[in-house]
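Structure record follows, encoded as structure tokens.
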Amino acid sequence: MSTYIENVEKPITASRPRPFCWSVRREIWENRFIYVAPIAVSALALFAYVIGTLHLPDMMASDIQMGKSMPQPQGVTFSIAAIALVLTGVVVGVFYTLGALHGERRDRSILFWKSMPVSDLIAVLSKASIPLLVIPAIIFVTTVAVQLTMLAFATLISVAHGTSVPAFWASWPIFRMSVVLFYGLATLALWHAPIYGWLLLVSAWARRAPFLWAILLPVGLCLGEKIAFDSSALSNILGSRILGSFAVAFDPNAVGDSFQIPWVGLAPMKFLSTPGLWIGLIVTAGFLVGAVRLRRTSHAL
């Protein structure tokens, strides 16, 4: 009886609120395309892979006997599936950031969210974490799952046709591919951070058609530079920011550095020592600060 009374009188302590984590969960709940799109692309890739494995046993046996590091065109199929999912992640991140702040202001849901105990800073940071953290994590898990499923399916076919399973598994560098994928997604997210920051800023500022504003303003600046100064410096910077991640993060010829892995061409020290990376992160911080300030006054728009 005394134990029961002690348990009743013992005060119940509430768990500490985690507004950032709950804000991130809210973004995932309200924007299901964040994970639906990669799953749909994964399903299409697996379906195409199953169709393409009709002649797999003969090709596997021939390639393994020739001593190839990975059966062809199966290795290409693995890479194509990974590239398709990475591109899907980039597209999803772009469309998400364009509508993240514009959507809540358009339907006036911002009035409700401003009544919650979540600051504008936490709200904007939670939205920025989606393309920088959540989407790369989803793409990584989805891609690895797709590749493992492909490997399991190919193994079943090889067993059914008498192919040596140990030799088959030895020819698939699944671990190295996962390392390259993780590194590539992390560096791509950091390199594209200014783009996502810019899109969030435009999303908080533009009353209508944020996609057009996000595209037209940089294009207009590039055209103005070309006409006024006959220069393409700005367009080169933008092009490098969009497509230059691979050239900065990978170095196939790098050897002798303990921080580099020559067999996959990773060059993390080269990436981290690139001034463009840190300049881009500073610019990203400026864009996010602008988005926070715009969100504070957006209820009056």
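The values are calculated or read from the model by the stated rules, or taken from the named source; none is laboratory data. Since the model is a prediction, treat every value here as computed from it, not as a measurement. Heads up: the accessible areas ignore ligands, DNA and RNA and are worked out on the full protein's heavy atoms, side chains in. Shrake-Rupley method; radii C 1.70, N 1.55, O 1.52, S 1.80 Å.
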Quick shape check on segment 172-247: root eigenvalues a ≥ b ≥ c of the Cα gyration tensor, a/c under 1.5 is rounded, otherwise prolate if a/b tops b/c, else oblate, and it reads oblate
Provide the solvent-accessible area of Cys21, counting protein heavy atoms only and rolling a 1.4 Å probe, rounded to the nearest 10 Å². 60
